[in-house]
Amino acid sequence: MSRDQLHVLSALDAAKTQWYHFTAIVVAGMGFFTDAYDLFCISLVTKLLGRIYYHVDGAPKPGTLPPNISAAVNSVALCGTLLGQLFFGWLGDKLGRKRVYGMTLMLMVICSIASGLSFGKDPKSVITTLCFFRFWLGFGIGGDYPLSATIMSEYANKKTRGAFIAAVFAMQGFGILAGGLVATVVSFAFKTVFKASPYSIDPLGSTVPQADYVWRIILMVGALPAALTYYWRSKMPETARYTALVAKDAKQVAEDMSKVLQVEIVVEQEKLERLSQDKKRSFGLFSKEFVMRHGLHLLGTATTWFLVDVAYYSQNLFQKDIFSAIGWISPAQSMNALEEVYRIARAQLLIALCGTIPGYWFTVFFIDYIGRFVIQLMGFAFMTIFMFALAIPYDHWIKKENNIGFVVMYAFTFFFANFGPNSTTFVVPAEIFPARLRSTCHGISAAVGKAGAIVGALGFLYAAQSQDRTKTDAGYPPGIGVKYSLIMLGVINFVGALFTLLVPESKGRSLEEISGETCGDDEKEAVETQRVQTDSSSRTLPLPAVETKDLQT
């Protein structure tokens, strides 16, 4: 431990896993459960919205959302999320993590309910209000990314910090699973009670009036888990690292952490004042010092998050199109509206169970053993391999007898996305930046990632269209097809593996050691000397500090 390290922070780093760790995981994780449910459930109901509001009499296929409407519905929440990550990330460093945490949750609850109401009956009114509330829903969801990651990293001990942060993010898997489960149950119940013929037999009657309730119920259920955790979020104390290193209130941090750790914490106001007077530890985000110390780190966390989200969101939001292309979901005209929702939801449920959830929890179990860098590089590499394995022999996979093999391979891409960069890109930005900039930098990285999600969602929407104009969805120009879209995603994953080389390893070290917040001038010289001696053999960029126990006299 550095001689400048505060006792309360050392106590947190060395603390054994206790009940408050699990409480923090559940409270923060339920936010991510809600985030994933709300972001991904829209892909389950877009075809239903097209049937209800954009039916064309005499058309050979059911109604679909026009390209511009589909793009808006699928991406508006992602746009809100991007802005929310930047705003609440910055606010979390200015006002404190706890004060902002409740705001995001209430915004999510209100907008989840409102997005299912969608005032009016004509298509324009419904879609406009749906997009309005989903934008603000996304804005609230965006705030949850930097705040939950930062809070968990600052509460955790250094031995199992990666697992704790990854466990919070892993709740996304259960949120995606819950979305598929709710949609499956609701659509099954409605299709059982309200019988309807396939579109090919009765185009108008294939969509029963009660189907309008189905998509509303699916969207509104997302408010429940967020509402249930609001009370517990309000009771969480501010993190010790924010109170000490940003707010600089030694008395408050000792009082808060004495209750959390159930040990007596000494008030260290004098040491805290000495640390705060060091101008080298107060540089801002746009300073030369930040660029020198953390510029490449921020570039690495942002670009890798961008690249993985291009691939991940294009897969997740449009997996229904892939399942249709390989024949796993019957042609739309052979089903009624509720049957189509049921089959799409069932497919997502299977992918979540087989690929998504296991990948998240493999990360939780192994991240503190093999490290963030290895998991991320391995994940990108296997995603590249599986994408090419799906794309190059694509004509083989679309044959009916090979459909199950395609789904298995497709599930593996999700497994290695989650046992890989989709998890690690969330963990690392919460560890490697100084406390006063941690939430902001995580928000920047996440926002760049969401830009990738928007590119993936909208790009795949057009790119995956058939090259044959007669086989495209209504209103869409010909694209490059699913095969070449998968090849593009394979290339993107390969580039992500290259940018991973910019991301430092943070396994098993104190947050203050990593960011250099408690490293004295003499220690810095020793660090620089050691860096020069070892840099040639280093497999990744060095961090601004090394294990300070090796530098003590």
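The values are calculated or read from the model by the stated rules, or taken from the named source; none is laboratory data. Model, not experiment: these values are computed from the prediction. Note that each Cβ is placed from the backbone with ideal geometry, even for glycine, and that neighbours are counted across all protein chains shown. We work out accessible area using only protein heavy atoms, side chains counted, and drop any ligands, DNA or RNA first. Shrake-Rupley method; radii C 1.70, N 1.55, O 1.52, S 1.80 Å.
On the basis of being open to solvent by less than 50 Å² (accessible area, probe 1.4 Å), under 22 Å from the mean Cα position of the chain (by Cα) and at pLDDT below 90, does Gly459 make the cut? So Gly459 passes the test. Residues considered: Phe306, Phe286. Of these, the only one that is farther than 30 Å from Gly379 by Cβ, at pLDDT 75 or above and open to solvent by 50 Å² or more (accessible area, probe 1.4 Å) is Phe286.
In the range 462-488, the residue that is surrounded by the fewest Cβ atoms within 10 Å (Cβ to Cβ) out of those that are in contact with a Gly (Cβ under 6 Å, 6 or more places away or on another chain) and part of a helix (DSSP H, G or I) is Tyr462. Applying the condition of being farther than 15 Å from Leu49 by Cα and either assigned to a helix (DSSP H, G or I) or in contact with a strand residue (DSSP E or B) (Cβ under 7 Å, 6 or more places away or on another chain) (or both) to the range 318-332 and asking which residue is modelled with the highest pLDDT yields Phe323.
On the basis of being under 30 Å from Lys121 (Cα atoms), modelled with pLDDT of 85 or more and of a type in the set (A, V, I, L, M), does Leu204 make the cut? In short, yes.
In the range 394-414, the residues that are without any contact (Cβ under 8 Å) to a residue 60 or more places away in the chain and of a type in the set (Phe, Trp, Tyr) form Cβ pairs under 8 Å with partners that are assigned to a helix (DSSP H, G or I) and surrounded by fewer than 21 Cβ atoms within 10 Å (Cβ to Cβ), at six or more places apart or across chains, as follows: Phe412/Phe382.
Of Gly50, Gly58, all but one fail to be open to solvent by 10 Å² or more (accessible area, probe 1.4 Å), over 28 Å from Ser510 (Cβ atoms) and over 15 Å from the mean Cα position of the chain (by Cα); the exception is Gly58. Would you confirm whether or not the range 210-227 contains a residue that is outside any loop (DSSP other than H, G, I, E, B) and free of Cβ contacts under 8 Å to residues at least 40 places away in the same chain? Checked against the condition, which is being outside any loop (DSSP other than H, G, I, E, B) and free of Cβ contacts under 8 Å to residues at least 40 places away in the same chain, the range 210-227 yields at least one hit. Here Cys354 passes the criteria (1) open to solvent by 20 Å² or more (accessible area, probe 1.4 Å); (2) at pLDDT 90 or above; (3) more than 28 Å from Gly300 (Cα to Cα) except the one numbered (2). Checking each residue in the range 81-134 for being over 26 Å from Leu245 (Cα atoms) and small (Gly, Ala, Ser) picks out Ser112, Ala114, Ser115, Gly116, Ser118, Gly120, Ser125.
Among the residues of the range 115-125, the one identified as in a helix (DSSP H, G or I), touching a residue at least 12 places away in the same chain (Cβ under 8 Å) and open to solvent by 10 Å² or more (accessible area, probe 1.4 Å) is Pro123.
Note on the range 7-42: among residues that are among the small types (Gly, Ala, Ser), farther than 26 Å from Arg346 by Cβ and part of a helix (DSSP H, G or I), the one that is most open to solvent (accessible area, probe 1.4 Å) is Ala14.
Selection of first residues in the range 59-76 that are within 19 Å of Ser314 (Cβ to Cβ) and aliphatic (A, V, I, L, M) and of second residues that are open to solvent by 20 Å² or more (accessible area, probe 1.4 Å) and modelled with pLDDT under 85, restricted to Cβ pairs under 6 Å at least 6 apart or on distinct chains, gives the following pairs, ordered by first then second residue: Ala71/Leu458. Scanning the range 228-240 for residues that are in a helix (DSSP H, G or I), touching a Phe, Trp or Tyr at 6+ places or on another chain (Cβ under 9 Å) and of a type outside the set (S, T, N, Q) yields a total of 2.
Would you check which residues across the range 126-156 are aliphatic (A, V, I, L, M) and crowded, with 24+ Cβ neighbours inside 10 Å and list them? Of everything in the range 126-156, those that are aliphatic (A, V, I, L, M) and crowded, with 24+ Cβ neighbours inside 10 Å turn out to be Leu130, Leu137, Ile141, Leu147, Ala149, Ile151, Met152, Ala156. In the range 489-512, what residues are over 30 Å from Tyr155 (Cα atoms) and surrounded by fewer than 18 Cβ atoms within 10 Å (Cβ to Cβ)? The answer is Val491, Phe494, Val495, Leu498. If the condition is being out of contact with any Phe, Trp or Tyr (no Cβ under 6 Å at 6 or more places or on another chain), open to solvent by 10 Å² or more (accessible area, probe 1.4 Å) and either within 18 Å of Leu296 (Cβ to Cβ) or outside any helix (DSSP H, G or I) (or both), then the range 401-452 contributes Leu437, Ile444. For first residues located in the range 445-473 and closer than 17 Å to Phe499 by Cβ, partners that are of a type in the set (Ser, Thr, Tyr) and open to solvent by 20 Å² or more (accessible area, probe 1.4 Å) and lie 6+ apart or on another chain with Cβ distances below 8 Å form the pairs Val448/Thr303.
Asp521 meets all of the listed conditions (1) open to solvent by less than 40 Å² (accessible area, probe 1.4 Å); (2) acidic (Asp, Glu); (3) at pLDDT below 90 but one, namely (1).
Filter the range 241-263 down to the residues that are open to solvent by 30 Å² or more (accessible area, probe 1.4 Å), charged (D, E, K, R) and either under 21 Å from Gly516 (Cβ atoms) or assigned to a loop (DSSP other than H, G, I, E, B) (or both) and list them by number. Lys248, Asp249, listed by residue number. Among the conditions (1) within 29 Å of Pro429 (Cβ to Cβ); (2) touching a Phe, Trp or Tyr at 6+ places or on another chain (Cβ under 9 Å); (3) open to solvent by 10 Å² or more (accessible area, probe 1.4 Å), the only one that Gly80 does not satisfy is (3). Can Lys191 be described as in a helix (DSSP H, G or I), farther than 28 Å from Ile127 by Cβ and not aliphatic (A, V, I, L, M)? So Lys191 fails the test.
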